[in-house]
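What follows is a set of notes on a single structure, which appears directly below.
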Amino acid sequence: MSLIDIHAHLTFKSFKKDLDDVIMRAKNNGLIAIINSTIDPKDFYKGLNLIKKYKNYVFLSIGAAPQTIDERQFHETLEIIEKYINYAVAIGEIGLDYYWIKDVEKRAATRRMFRELALIAIAKDKPIVIHNRDAFNDVAKTLEDVGAERVVFHAFMGGEKEAEKIIRNGWYISIPTILARSKKHQDLIKKIDLEHIMLETDSPFLAPWPRSRNEPANVKVSAELIAKIKELPYQKVCEQVTENAINFFSLPIHI
């Protein structure tokens, strides 16, 4: 079966020694693509090397993680977008993080930067990959205000009401592999149609098993569990979530 990990961090140091093996395991477990989400300018240039090495298998998203962004990184990201947008399949992860950012002025600055990046993504006709932590209402309002249509909430950790709002807006929910050990996610899966779902690992984080490094191959664990929860054929789950990802990111691949 064909699967796609729509959000991984393959540039992080935990993959430094065995990335070739990680990619091989992903292929052996049915993955036809991985989207490497970058978090800042330095990370972007590492990601640029990856998409050259694993051409047409690893794809790139230009991100500015809200929990670490500052004015310098913001302007560097704008320059990267202008120069390298054709190398990217999305803008993200971008968004808001009120868990780490407590200062009122810093929150206001991240809202301003998020809004501008979202507007640029729309102007460049690129989908938006959202990082949201404890800031759902402000994230959703910003996206609605700018008229964003192609949006996926990465590593969704919200509840049913937030999921319903996302779906009403025509946006997508990305389910992380923590699904395997999260009753909250398992209950949510029962209530969301496959047409609104994509799958990710957020590697090296959110592994299906505690205290272990996550990697893209584990998307298969989520697909198998969703099939079991929804009482659907595994093939149907794979086909739908993969089709969602291909269409959303305009990936140059076929099932």
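The values are calculated or read from the model by the stated rules, or taken from the named source; none is laboratory data. Keep in mind it's a predicted model, so treat the numbers as computed, not measured. Cβ: placed from backbone, ideal geometry, glycine included. Neighbour counts: every protein chain shown.
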Being touching a residue at least 24 places away in the same chain (Cβ under 8 Å), touching a Leu at 6+ places or on another chain (Cβ under 9 Å) and in a helix (DSSP H, G or I): is that true of Leu10 here?
no
Of all residues in region 74-88 being of a type in the set (Val, Ile, Thr) and out of contact with any Phe, Trp or Tyr (no Cβ under 7 Å at 6 or more places or on another chain), the one that is surrounded by the most Cβ atoms within 10 Å (Cβ to Cβ)
Thr77
Looking at (1) part of a helix (DSSP H, G or I); (2) among the aliphatic types (A, V, I, L, M); (3) buried (at least 20 other Cβ atoms within 10 Å of the Cβ), find the lone condition where Leu199 falls short.
(1)
Filter region 3-50 for residues that are among the β-branched types (Val, Ile, Thr) and either at pLDDT below 95 or more than 20 Å from Ile94 (Cα to Cα) (or both) and give the result.
Ile4, Val22, Ile23, Ile32
Just to check your reading of the model, which residue among Ile51, Ile130 is in contact with a Leu (Cβ under 9 Å, 6 or more places away or on another chain) and under 18 Å from Tyr172 (Cβ atoms)?
Ile130
Here the residues within region 94-110 that are out of contact with any Asp or Glu (no Cβ under 6 Å at 6 or more places or on another chain) and not β-branched (Val, Ile, Thr) are Gly95, Asp97, Trp100, Lys102, Asp103, Glu105, Lys106, Arg107, Ala108, Ala109
Go through region 107-117 and give me each residue that's more than 12 Å from Ile81 (Cβ to Cβ) and surrounded by 15 or more Cβ atoms within 10 Å (Cβ to Cβ).
Arg107, Ala109, Thr110, Arg111, Met113, Phe114, Arg115
Filter region 121-163 down to the residues that are under 25 Å from Val221 (Cα atoms) and either part of a loop (DSSP other than H, G, I, E, B) or more than 13 Å from the chain's Cα centre (by Cα) (or both) and list them by number.
Arg133, His154, Ala155, Phe156, Met157, Gly158, Gly159, Glu160, Glu162, Ala163
Residues (of a type in the set (Gly, Ala, Ser), part of a helix (DSSP H, G or I) and either over 14 Å from Ile35 (Cα atoms) or at pLDDT below 95 (or both)) located in region 212-255:
Ser222, Ala223, Ala227
